[in-house]
Amino acid sequence: MMTLPNVSQALYSKEKLVELNSVFEKLSWSERLKRIFQVFDKDDILVTSSFGTKSVFLLHILNEMNPGQKVYFIDTGFHFPETLAYKDLLAKRFGLEIIDVHPDPRQHKLTADEAWYKSDPDNCCFLNKVAPLEPLKRNHEVWISGLMGYQTSYRSEQQGFEWSDSIIKFHPLIDMEEGEFLYHMGYNNLPVHPLEGNGYGSVGCTHCTKPGAGRSGRWADSKKTECGLHPDYFANKMQH
């Protein structure tokens with residue numbers, strides 16, 4: 001039997017992440033998701049979802065492996081009505097316990113009134129999407145993300161486990177190819193996001209999303225490609 005690191009009682013050093021990656025990289029994505037619940041207590045595992053075009057697959061698998069897993073939805077206040085309807089559809093289909101997370105009302109109003117999504121999109125994302133998650137991150141040890149490497153060049157550089165401020169970020173699907181993803185979507189007859197039929201390959205907030213293949217429609221008129229939730233994104237961006 002494979003010996004797993006006792007991460008729950010360890011300091012999350014660089015060496016510990018190397019150890020986790022060494023163990024998990026040999027596993028398939030399904031084995032990784034099964035094993036994570038053996039390494040961490042389920043109450044220490046954080047699951048969030050934007051209910052975008054790629055969200056349903058991870059939610060489907062997690063629901064099979066750990067029914068009743070809490071899923072936190074970051075309600076930025078700028079979501080498409082179709083996204084909110086999709087969230088309700090998946091909640092009913094999978095019996096998900098979804099907990100809405102909201103930004104500070106005054107800060108959200110400021111970003112909306114002053115259209116920060118145009119003038120300062122990084123800080124708009126930070127106040128409406130990143131900051132609201134901070135209390136949750138402090139109360140969990142590992143954060144499961146459905147990020148896949150094929151989606152962008154930045155994501156292709158991510159490992160299965162990354163340190164993200166105060167929490168370990170876990171990417172069980174990081175090496176999944178697009179063809180495999182599409183195969184499992186069809187095989188499991190999973191419902192697609194309503195806006196996919198209108199040419200949206202990726203869906204975020206209304207002001208910053210246009211139709212486009214893959215993630216090309218996200219922040220299409222700028223160099224921005226991520227909201228800032230993923231490990232050291234802004235720091236890495238400054239270095240390139």
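The values are calculated or read from the model by the stated rules, or taken from the named source; none is laboratory data. As the structure is a prediction and not an experimental result, all values here were calculated from the model. We place every Cβ from the backbone using ideal geometry, glycine too, and count neighbours over all the protein chains shown.
Per the listing L17, L33, the residue uniquely crowded, with 17+ Cβ neighbours inside 10 Å, modelled with pLDDT under 90 and not in a strand (DSSP E or B) is L17.
Given the conditions (1) in a helix (DSSP H, G or I); (2) crowded, with 16+ Cβ neighbours inside 10 Å, and given that G146 satisfies all but one, which numbered condition is not satisfied? Only one criterion in (1) in a helix (DSSP H, G or I); (2) crowded, with 16+ Cβ neighbours inside 10 Å is unmet by G146, namely (1). Taking the listed residues T111, T76, the one that is in contact (Cβ under 8 Å) with a residue 40 or more places away in the chain and either among the polar types (S, T, N, Q) or not in a helix (DSSP H, G or I) (or both) is T76, with no other qualifying.
Only one entry of G52, G77 meets the criterion of being modelled with pLDDT of 90 or more, of a type in the set (G, A, S) and on the phi > 0 side of the Ramachandran plot, and that entry is G77.
Within region 83-97, the presence of a residue that is more than 27 Å from E196 (Cβ to Cβ) and either part of a loop (DSSP other than H, G, I, E, B) or acidic (D, E) (or both) is excluded.
Could you list all residues from region 67-112 that are among the charged types (D, E, K, R) and over 14 Å from G52 (Cβ atoms)?
Step one: list which residues in region 67-112 are among the charged types (D, E, K, R), which gives 70, 75, 82, 87-88, 92-93, 97, 100, 104, 106, 109.
Scanning region 67-112 gives K70, D88, K92, R93, E97, D100, D104, R106, K109.
Within region 5-14, take every residue that is under 13 Å from F161 (Cα atoms) and outside any loop (DSSP other than H, G, I, E, B) and give me the one that is modelled with the lowest pLDDT. So the residue we want is V7. A residue that is at pLDDT 90 or above, under 30 Å from E25 (Cβ atoms), out of contact with any His (no Cβ under 8 Å at 6 or more places or on another chain) and surrounded by 19 or more Cβ atoms within 10 Å (Cβ to Cβ) can be found somewhere in region 83-90. Do we find that V23 is touching a Lys or Arg at 6+ places or on another chain (Cβ under 9 Å) and touching a residue at least 60 places away in the same chain (Cβ under 8 Å) in this structure? Considered against the rule, which asks whether it is touching a Lys or Arg at 6+ places or on another chain (Cβ under 9 Å) and touching a residue at least 60 places away in the same chain (Cβ under 8 Å), V23 comes out as no. Filtered by the rule that a residue be under 21 Å from the mean Cα position of the chain (by Cα), charged (D, E, K, R) and closer than 15 Å to H79 by Cα, region 102-131 gives a lone residue, K129.
Can L96 be described as touching a residue at least 24 places away in the same chain (Cβ under 8 Å), over 28 Å from W29 (Cα atoms) and either aromatic (F, W, Y) or surrounded by 18 or more Cβ atoms within 10 Å (Cβ to Cβ) (or both)? For L96, the condition - touching a residue at least 24 places away in the same chain (Cβ under 8 Å), over 28 Å from W29 (Cα atoms) and either aromatic (F, W, Y) or surrounded by 18 or more Cβ atoms within 10 Å (Cβ to Cβ) (or both) - is not met. For region 99-115, check the following and say yes or no: at least one residue is surrounded by 16 or more Cβ atoms within 10 Å (Cβ to Cβ) and among the polar types (S, T, N, Q). Yes, region 99-115 has at least one match. Out of all the residues in region 187-196, is one or more modelled with pLDDT of 75 or more, surrounded by 15 or more Cβ atoms within 10 Å (Cβ to Cβ), within 16 Å of K129 (Cβ to Cβ) and not acidic (D, E)? No; the residues of region 187-196 include none that is modelled with pLDDT of 75 or more, surrounded by 15 or more Cβ atoms within 10 Å (Cβ to Cβ), within 16 Å of K129 (Cβ to Cβ) and not acidic (D, E).
The condition (being within 30 Å of K34 (Cα to Cα), surrounded by 19 or more Cβ atoms within 10 Å (Cβ to Cβ), of a type in the set (A, V, I, L, M) and modelled with pLDDT of 95 or more) is satisfied by just one residue among V130, V71: V71.
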